[in-house]
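To start, the structure under review is shown below, and the notes come after it.
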Amino acid sequence: MPTPKKIQEVELLTEKIQEAKGIFLTDFTGLTVEEITDLRARLRKENVMYRVTKNTLMKLALEKAGHSGKLDSFLEGPTGLAFGFEDPVSPAKILKDFAKEKQKLKLKASLIEGQVFGAEETEKLADLPSRQELQAQLLALLNAPATQLVRTLTGGMTKLLYALQAVKEKKEKEAA
């Protein structure tokens, strides 16, 4: 018989699954309390929630959220869940960097906008530029033609001004 606490946990997880743009499953075996606290702090800075819960409760929450069976094969053993609410890739970057540092955390899988990715694919996602970086690159590409046009137009004017200045200085020397 489900306890009120477990029912509440499933409801919370269901809500977070529906809100999240990306969900990342990790194996945190071997991490100390201090290391997990450090990981949570890093994730919190990027508006990512890290939670440890029972796999059966997560399976129920996934089912209620419409993702029945998608992550069941990865929900074995100790599982930590990172819910990314803004950028679906930023949690992967943080988790991958942390895993490199501590050598204990392992990425199991991810669920990004309904698509399941294994550990290797999730690590490849971490190597992609973030949404902000992509926007900056796009903006630079869009600005490049206008910037070049301004430089071309002002370049001729600048050369003309230098030539006129030289003529003026030459006439002043001749007059003196």
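The stretch between Gln8 and Leu160 holds 47.2 nm of extra length on full extension. This uses 0.36 nm per residue minus the Cα-Cα distance.
The label point for Glu133 and the one for Arg40, both projected 7 Å from the Cα toward the Cβ, are 2.8 nm apart. Computed on the Cα trace of the stretch 130-176, the radius of gyration divided by the Kirkwood hydrodynamic radius gives Rg/Rh = 1.47. Per residue, the convex hull spanned by the alpha carbons of the stretch 4-128 comes to 96 Å³. Placing R0 at 22 angstrom, the Cβ-Cβ distance between Asn55 and Glu121 gives a FRET efficiency of 0.55 after rounding to 0.05.
No value in this document is a laboratory result; all are computed from the given coordinates. Small disclaimer: the values here were computed from a predicted structure and weren't measured. A quick note on method: Cβ atoms are made from the backbone with ideal geometry, for glycine too, and the neighbour counts reach across all protein chains shown.
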